[in-house]
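The values are calculated or read from the model by the stated rules, or taken from the named source; none is laboratory data. Here the structure is a predicted model, which is why all the values come from computation and not from measurement. Because the Cβ atoms are built from the backbone with ideal geometry, glycine has one as well, and the counts that use them run over all protein chains shown.
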C-alpha cells in the first residue's frame, strides 16, 4: 500500500471517480468538516490524497471505486506536471510496446529485461529518453497490460491525457478521419500524414507514415500505430521546414494541418521545388500544406486534406487554386460542417487528360453522402451527380475570384422536386405562424412594480433545494449509442445531437432539470435519455420545495446574466430568485413554461421562414417561380 499512498487527485478527478459533478465536490468540502484536507497543489487547484478521499467517500455512503486504469493514471498525474505529462504518457506507451513485443522477457526477467527495451523500441521517433525510473508505476502498468492488453491499456491512458489537455490538443473527428481514409487510401499501401498530431488519421491506415513537429505527439502517434501491429514510420520535426520524409512517395496522403499559422517558413522556403502550383502567400499556409501533400504522393495517388472554409475563396490564393484546377489536381471540395472545415480531395497528375469538372458536395447535414458521390465522380467525372453534390465546369470557375465554396455551387433542383419542397415549406410556415397568436401566456400588467424578497441560487443549493451538476469537461464525441445534449443544442432549442459511449462519469438529464450554458442560455428539460454535454451545468430541484419552471424563468431573465457588471456570463450562484410559497412558484412556473414554449415556436417559425425565403429567391431567379397579382 505504501506505493499507492503518494497518489493525489484534484477536485475534477474526485468528481469523475465518484460519478458526480465538480459542484458536488465543492459542496462536500464546504459542508463536511471531516473532508480530507489538501496535501498539495494551490489554493485554487488543491490536491488531495486519493486513499484519504476513498476512505471518506465510503464512510459517507458515496459510491466510489478506483479501477486499476484510474490508479495508473492518477499516479502518472502525481508524478509529472502538465508540461511533462504527455512525455510521461509516451514513456508509458514505450514500456507497453516493449511488453507487447517481448512478453516472455518481462515475464522471465522482470526489471532486468529493461536493458533490452531501447533496442526493442528503436523504431520510436524523437530524442526523448524513454526510461521509466518509477518501479511502482512500471508494476502498475504491467498489471494494467495483463488486465486489458497493452493496446487497450495505452488507449485508456491516452484518452485520459486528451481529456486533461483538450484545450491544447486538436484532434480530428473520428468519423471525418475514417471518411478521409476511405476516400483516398487503397486497400493496401502506404498512407502519409505530414502533420499527424496524435495519430488519429493514421489509425485507419494499413501502412502509416507520419511526421509531427512535436516530439511528444510524434511519440504518442508511433506508440498508437505500432501497438496495432502496423509497419509504421513516424518522424519528429517540422514537415515544411525540415521534411523528414523527403523523397518518399506514399500511395495516399491525408492531412489535418494547422490553420492560420503565419510563421510557416515563407521567407526561407520561397524557392522550394514543392511549390509547383505557385508560391503560397504568407497568409495562406494551408496552400503550402496542399502542395507538400501532392509532392509526397505517387503520380495518380490521392490526397485528402482538411482546409478552412475561407481557403476556397480568399483572393491571395486565387492563382494557386486556378493552377490546381487547370492541372486537374483538385478534384473535389466538400463542406463537412457549417463554418468548416472543408475537405479537399486532390489527385497528383500522371499525364492522363484532366477532368473538365470539379465535384462540390454539401455534406454539413449528412457525411454519408460524400463517399457514394465521390465514387460516382471518380468513375465518370463528366457525369452529373444527384443529391447534395454536383459537378461544376472548371472553365466556369476560372474567373476573377476562382471561388470553390460549395455553397456557391449548390445543385439546382428539378421542377417537381422544387415544387414539392416549396409547397411543403409554405404550408408548414403558414401552419406554424398561425399558432403564434394563441401561444402567448396570460400575464397581468401591474401599475406598480411587485418587489419580492429574494435569495441566491447558491443559498438554495446550500439548503438542499437545488443540486448543481456539471458534465465532464471532455467525452468521447461523435461515437457510441448515447445521445448528448450539447451547448449548441441548448442554444438552438434542438434535440440532443451529440453521441458518446456509456460512462459512469456522465450526468444524465431528467424531465424537470434546468440546463444552462456559461453564456446564459437556459433550457427546461422535458425528456430524459440523454447525457449532459461539456460546458453545460444542470440544476436539479427538490420538487417538493422548488418549482423547476420557476427557477428556469428567473435564470433565463436578463437580470441573472448581469450579476457581474460588464460580463455576459451567467454567475448562477449569485443569481437572485424570489422567496415564494410553492403554490405561487408554480403559478410563475406555468407562465415561464408558456414563454419557453413560445420561444421554441418562434425559433421554429423563423427557421421555416428562412427556408421559405431561400426557396422564394432561388425559384424567382432560376425560373421555378414568377410573381402573380394575388400571391401564391
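What the table below lists for this structure:
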{"quantity": "Among the candidates 389, 322, residue that is in the same structural domain as residue 192 (by TED's automatic domain parsing) and either surrounded by 23 or more Cβ atoms within 10 Å (Cβ to Cβ) or touching a strand residue (DSSP E or B) at 6+ places or on another chain (Cβ under 8 Å) (or both)", "calculated": "389"}
{"quantity": "Residue that is touching a strand residue (DSSP E or B) at 6+ places or on another chain (Cβ under 7 Å) and modelled with pLDDT under 90, where the choices are 194, 186", "calculated": "186"}
{"quantity": "Residue match in segment 278-286 (condition: assigned to a helix (DSSP H, G or I), closer than 23 Å to residue 329 by Cα and not assigned by TED's automatic domain parsing to the domain that holds residue 94)", "calculated": "yes"}
{"quantity": "Any hit, segment 74-95, residues being in contact with a strand residue (DSSP E or B) (Cβ under 7 Å, 6 or more places away or on another chain), touching a residue at least 60 places away in the same chain (Cβ under 8 Å) and either assigned to a loop (DSSP other than H, G, I, E, B) or farther than 19 Å from residue 145 by Cα (or both)", "calculated": "yes"}
{"quantity": "Matching residues in segment 172-199 - criterion: being surrounded by fewer than 21 Cβ atoms within 10 Å (Cβ to Cβ) and within 30 Å of residue 81 (Cα to Cα)", "calculated": "173, 174"}
{"quantity": "Candidates 140, 169, filtered to the one that is surrounded by 15 or more Cβ atoms within 10 Å (Cβ to Cβ), part of a loop (DSSP other than H, G, I, E, B) and outside the structural domain of residue 235 (by TED's automatic domain parsing)", "calculated": "169"}
{"quantity": "Among (1) touching a helix residue (DSSP H, G or I) at 6+ places or on another chain (Cβ under 7 Å); (2) at pLDDT 85 or above, the one test that residue 521 misses", "calculated": "(2)"}
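For every residue, the table says whether it meets (1) in contact (Cβ under 8 Å) with a residue 60 or more places away in the chain; (2) under 31 Å from the mean Cα position of the chain (by Cα); (3) over 26 Å from residue 212 (Cα atoms).
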residue: 117; (1), (2), (3): no, no, no
residue: 129; (1), (2), (3): no, no, no
residue: 136; (1), (2), (3): yes, no, yes
residue: 149; (1), (2), (3): no, yes, yes
residue: 159; (1), (2), (3): yes, yes, no
